[in-house]
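Student: Once you've had a glance at the structure underneath, I'll fire off some questions.
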Amino acid sequence: MKMKFRLSVFLVVFSCALVSLAQDKERDCGFSKYKATRRSHEKEKMRVAPEYPQFAKEARIQGSIIVKVLLDEKGDVIKACGLTGHPLLWDVAQKAAMEWKFGTYTSSSLNNKNAQVYRVTVITFNFNLNQQ
């Protein structure tokens, strides 16, 4: 029991240091190599909620996680990257974001009709110990 508590305390202290480092700068997440034709608040067709990890519950880690997602023209998430919030929750939030589905978007509004269309948007996940 004491070992679990010590491990939880260590994780909280260590992760707080990671949080401050990660939130100091905007993350590109490798999205700059894609030509995003649209940045918007997309209408989602299917949502998937992340599972709250047991280690995070035990360490009392909670808060909002903002995940930046890259969408293709079919509305599928092709890349997800945690931007803000506790880094130990990014992985589960990113995995859940990869399962989301958004509406389609065609290149008909672009000059180049054969252009690959990418969109960038964000998803916010809330991890709250009181709601579990």
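Student: Through the Karplus equation 6.51 cos²θ - 1.76 cosθ + 1.60, θ set to phi - 60°, convert the phi angles of the stretch 43-52 into ³J(HN,Hα) values in whole Hz; use x for Gly and Pro.
Tutor: 7, 7, 9, 9, 10, 10, 7, x, 7, 7
Student: Please give the contour-minus-distance gain from Met46 to Lys95: 0.36 nm per residue of separation, less the Cα-Cα distance, rounded to one decimal in nm.
Tutor: Values: separation 49, 0.36 × 49 = 17.64 nm, distance 1.41 nm.
Full extension from Met46 to Lys95 adds 16.2 nm.
Student: Let me ask another. So for the pair Ser64, Tyr34, with labels modelled 7 Å out along Cα→Cβ, what separation do we get in nm?
Tutor: Output for this residue pair reads 2.3 nm.
Each value in this text was obtained by applying a stated rule to the coordinates, not by laboratory testing. Note that the coordinates shown come from a computational prediction; the quantities given were computed from them, not determined experimentally. So basically every Cβ, Gly included, is an ideal-geometry build from the backbone, and we count neighbours across all protein chains shown.
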